[in-house]
Amino acid sequence: MKLPLPLFPTSLIGSMPRSKEVLKALRMMRRGTIDPFDFNNLIEAETEKVINLQENFGINVITSGELGRDNYVSFVSDKIGGVKMMSMSEMLDYIDDKKAFENMLTTLDVPAVSIKNAICVGKLTYNGDIVADELKMIKKFTDKPVKITLPGPYLLTRSMWLPNLSGKAYGSKEELGQDVIRIMKEEIDNLMNIGVDVIQFDEPVLTEVVFTDGKPRSFMCAALSERKDPKEELKFASSLIKQIIDHIDRSKTVPSLHVCRGNWSKDESILLTGPYTPLLELFAEVNPALLTLEFSTPRAGEISSLLADSRIKEHAALGLGVLNPRTDEIETVDSILVRVEEAMKHLPKEKISLNPDCGFATFSSSPVNVLETISGKMSTLTEAASILRRKYE
């Protein structure tokens, strides 16, 4: 990162648990029974608390906690024209392969009624703000470097594409993808004009492509009718992500790509497993300045499987996942130090930052952890970073 940061800078990935007041306000906002001014005031006050929490623990790059979002991707239904929020049960009416869809839902450790997708139902229009106001809010409460999180263009395109609805506005998922790119570029310009240090694009569906044998089964893949060869699908994903990464002025902002293996359940056995090896070509092609990846769990494979590739280690810094957001146990400092030392066999110390594997509350109504445990994990994270700085500065 080309930011005024210490060695081994720390950050969170994005989402934090919402308070009871925020959850109630989100439900009221969806029903239209709360004044938007009152809603925004509540989110602002709660976001200030999340920012203060990060600063008190010594986190170096500050995020908002995504408190005003229903989940990390569906919130765009309120931000982009031509998009409608739909529950999984509502989507069932428009799914051709209903049996496959129902089978997918049985794997989820979250009630289907609580999972919502932003579905394309018409031509997309940019309304001038997706996360720009969220960025302005963060900057009101901190002078530290700030990171804004956005669903990536492949995630947005794939999750919004429901053929029996979206096909009325677009001839193909690829055509929809180009409109997603157009809108995201406008938002990125907006963010850079405001001033943002890191823009993180979340693309968890990439692991869905390579680890499910072409059989999507997660909440973020509405395109159940798709049965493309993984290589073809990765090529499509790469073309979208590269356009967005290339659009960022790296002298102003660090483009980060975040990839995990699912983050909706505490049951590790139902989450995806596999090393990053099948994604090396995509990582090299899209060339983000920072790869923010899951590495605290054995499901992610060995660090060497990623960093043995010279195209990766020579061009990208690594946001090393050293905290599992789904566990109740607080990691030890030693476990983090071991992970960092392993990464340093392949990368210089200046190219390693530390973070959890993923957010702590992918769905607003179903967080994977509580603040007490999260605070313990943050404390361990920053303590480990301090030890590393004393040793290597």
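The values are calculated or read from the model by the stated rules, or taken from the named source; none is laboratory data. Source: prediction; values computed, not measured. In this analysis, Cβ positions are derived from the backbone assuming ideal geometry, glycine residues included, and neighbour counts consider all displayed protein chains. Note: accessible area is taken over every heavy atom of the protein model, side chains too, but ligands, DNA and RNA are not part of it. Shrake-Rupley method; radii C 1.70, N 1.55, O 1.52, S 1.80 Å.
Would you pick out the residues in the stretch 51-84 that are outside any loop (DSSP other than H, G, I, E, B), of a type in the set (A, V, I, L, M) and either over 13 Å from K140 (Cβ atoms) or at pLDDT below 95 (or both)?
At the first step, the residues of the stretch 51-84 found to be outside any loop (DSSP other than H, G, I, E, B) are 51-56, 61-62, 71, 74-78, 80-84.
Add one more test, that the residue is of a type in the set (A, V, I, L, M), and what stays is 51, 53, 61-62, 76, 80, 83.
Listed by number, the residues that qualify are L53, V61, V76, I80, V83.
From T373, T327, T332, which residue is surrounded by fewer than 22 Cβ atoms within 10 Å (Cβ to Cβ), at pLDDT 95 or above and more than 19 Å from F8 (Cβ to Cβ)?
Working: T327 fails: at pLDDT 95 or above; T332 fails: more than 19 Å from F8 (Cβ to Cβ).
That would be T373, the only listed residue that is surrounded by fewer than 22 Cβ atoms within 10 Å (Cβ to Cβ), at pLDDT 95 or above and more than 19 Å from F8 (Cβ to Cβ).
Could you list, in sequence order, all residues of the stretch 302-324 that are modelled with pLDDT of 90 or more and in contact with a helix residue (DSSP H, G or I) (Cβ under 9 Å, 6 or more places away or on another chain)? So that I can check it myself, show each step before the final result.
Residues of the stretch 302-324 modelled with pLDDT of 90 or more: 317-324.
Selection gives A317, L318, L320, G321, V322, L323, N324.
All but one of (1) modelled with pLDDT of 75 or more; (2) surrounded by fewer than 21 Cβ atoms within 10 Å (Cβ to Cβ); (3) in a helix (DSSP H, G or I) hold for N103, so report the exception by its number.
Here N103 meets the rest and fails (1).
Listed residues G128, G171; which is of a type outside the set (V, I, T), in a loop (DSSP other than H, G, I, E, B), over 30 Å from E48 (Cβ atoms) and open to solvent by 10 Å² or more (accessible area, probe 1.4 Å)?
Values: G128 fails: over 30 Å from E48 (Cβ atoms).
None of the others qualify; the one that does is G171.
Could you figure out which of (1) assigned to a loop (DSSP other than H, G, I, E, B); (2) at pLDDT 95 or above; (3) in contact with a Pro (Cβ under 9 Å, 6 or more places away or on another chain) isn't true of A361?
Failing condition for A361: (2).
Among what's in the stretch 311-358 and is assigned to a strand (DSSP E or B) and hydrophobic (A, V, I, L, M, F, W, C), pick the residue that is farthest from the chain's Cα centre (by Cα).
Going through the stretch 311-358, the residues assigned to a strand (DSSP E or B) turn out to be 317-323, 352-356.
If we keep only those that are hydrophobic (A, V, I, L, M, F, W, C) as well, we get 317-318, 320, 322-323, 352, 354.
Values: A317: 17, L318: 15, L320: 14, V322: 16, L323: 15, I352: 19, L354: 16 Å.
Filtering first and then ranking leaves I352.
Has the stretch 240-259 got at least one residue that is of a type in the set (D, E), modelled with pLDDT of 95 or more, farther than 24 Å from I303 by Cβ and outside any strand (DSSP E or B)? Even if it seems obvious, please write down each step before you answer.
Taking the stretch 240-259 and keeping what is of a type in the set (D, E), we get 246, 249.
Now restrict to residues that are modelled with pLDDT of 95 or more: 246, 249.
Narrowing the set further to residues that are farther than 24 Å from I303 by Cβ leaves 246, 249.
Narrowing further to those that are outside any strand (DSSP E or B): 246, 249.
Within the stretch 240-259, one or more residues are of a type in the set (D, E), modelled with pLDDT of 95 or more, farther than 24 Å from I303 by Cβ and outside any strand (DSSP E or B).
Within the stretch 58-73, can you find the residues that are within 20 Å of M86 (Cβ to Cβ) and either without any contact (Cβ under 8 Å) to a residue 60 or more places away in the chain or open to solvent by 10 Å² or more (accessible area, probe 1.4 Å) (or both)?
Passing the criteria: G68, D70, Y72.
Here is a list of conditions, (1) modelled with pLDDT under 95; (2) part of a strand (DSSP E or B); (3) open to solvent by 10 Å² or more (accessible area, probe 1.4 Å), and K123 meets all of them except one; can you say which number that is?
Just one mismatch for K123, condition (1).
Can you confirm whether the stretch 144-163 contains a residue that is open to solvent by 50 Å² or more (accessible area, probe 1.4 Å), modelled with pLDDT of 95 or more and assigned to a loop (DSSP other than H, G, I, E, B)? Show your work before the answer.
Initially, the stretch 144-163 is screened for residues open to solvent by 50 Å² or more (accessible area, probe 1.4 Å), giving 144.
Now restrict to residues that are modelled with pLDDT of 95 or more: 144.
Still in the running and assigned to a loop (DSSP other than H, G, I, E, B): 144.
Yes - at least one qualifying residue is present in the stretch 144-163.
Just the residues that are open to solvent by 50 Å² or more (accessible area, probe 1.4 Å), closer than 26 Å to T292 by Cα and not charged (D, E, K, R), please, taken from the stretch 7-57.
Matches in the stretch 7-57: N52, N56, F57.
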